[in-house]
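Only one structure is covered here, and it is reproduced in the block below.
Values in this text are rule-based calculations from the coordinates and carry no lab data. Keep in mind that this is a model prediction, so the values were computed, not measured. Note that each Cβ is placed from the backbone with ideal geometry, even for glycine, and that neighbours are counted across all protein chains shown.
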Amino acid sequence: MNIILMGIQGSGKGTQAKLLAKQLNLAHISTGDLFRSLTGELKEKVDALINKGNLVPDNLTLDILKKRFSEPDCKNGFILDGYPRNITQAKTLDNITNIDEIIEISLDDKESIKRLSGRRSCKSCNKEYNVNIPFLAPKNPLLCDICKKPLFQRDDDKTEESIKKRLDIYHKETKPILNHYKSIKINGNQSIDAVLQDILKALN
């Protein structure tokens, strides 16, 4: 089974992709992680583009994905997280693989802004928190519960204006992909486990 997981920023898409991959014994493929894991000449090429603030060209991304799809852990299928980001990418993706299910984790903009502005992470142990969500909040809003190191907030999460720009791009460029495929809509304004259970029910 090959799945694309979509959702507005803050919908918990990345978290659900990891949980689903484990539950269904599928490979979790995040293009961001994929680019970071490259080695040799290809890594130098991709890093040079990213470091200059450029996007990795679609044809290069497709070549990298095609190679990834051929690896042994993809024999049962995969969950794509963060790709495709627009209709052009969706159509070119169709040329190299079949997609069985598209799952959209639905969330309104107001909740997305609340979640994104509250995100914090620990660079030391990679633990993630959210100061705006009680059950995800650290005991001290400035420090990691585990290693007591200072928590980090992404620059593009710091202002409502920067968050709204990203949401606008999602609505204009990414959301139309849902009309390209037949998709399953899941309510993202629930607990992590409730969202996971709803996705599993829909797939079954």
Over segment 2-203, what relative contact order in percent results from Cα pairs under 8 Å that are six or more residues apart?
29 percent
Apply the Karplus parameterisation 6.51 cos²θ - 1.76 cosθ + 1.60, with θ equal to phi minus 60°, to every residue of segment 101-110 and state each ³J(HN,Hα) to the nearest whole Hz, in sequence, with x for glycine and proline.
9, 10, 10, 9, 8, 8, 8, 7, 4, 4
How many angstrom lie between the Cα centre of segment 24-44 and the Cα centre of segment 160-178?
24 Å
Counting only DSSP beta bridges with both partners in the chain, the antiparallel fraction in percent, to the nearest 5, comes to 25 percent
Per residue of segment 184-194, in order, report the coupling 6.51 cos²θ - 1.76 cosθ + 1.60 (Karplus, θ = phi - 60°) as ³J(HN,Hα) in whole Hz, putting x for Gly and Pro.
9, 9, 10, 6, x, 8, 9, 5, 4, 5, 5
Using amide H atoms built in the peptide plane, which far-off residues or other-chain residues are under 5 Å from Cys144 H to H?
Lys149, Leu151
Scalar couplings 3J(HN,Hα) for segment 67-72 by Karplus 6.51 cos²θ - 1.76 cosθ + 1.60 (θ = phi - 60°), nearest whole Hz, x for Gly and Pro, are 5, 5, 5, 8, 6, x
Please enumerate, by chain and number, the lysines with C-alpha under 19 Å from the C-alpha of Lys18, excluding those fewer than 8 residues away in the same chain.
Lys75, Lys127, Lys185, Lys201
Find out how many positive minus negative residues lie around Leu26, taking Lys and Arg as positive, Asp and Glu as negative, among other residues whose Cβ is under 12 Å from that of Leu26.
-1
Too long for a 30 Å Cα-Cα cut-off, among Lys22/Lys91; Lys66/Lys110; Lys67/Lys158, are Lys66/Lys110; Lys67/Lys158
With the chain treated as a Gaussian network of Cα nodes joined by springs under 10 Å, which of Gly82, Gly40, Gly32 yields the largest mean-square fluctuation?
Gly40
Counting sequence-distant residues (5 or more places) and residues on other chains, those with an amide H built under 5 Å from that of Gln9 are none
Gyration tensor (Cα only) of the chain to equivalent ellipsoid, semi-axes in Å sorted down, yields 27, 22, 18
For peptides 139-150, 5-16, 67-78, sequence by mean Cβ density within 10 Å, most packed first
5-16, 67-78, 139-150
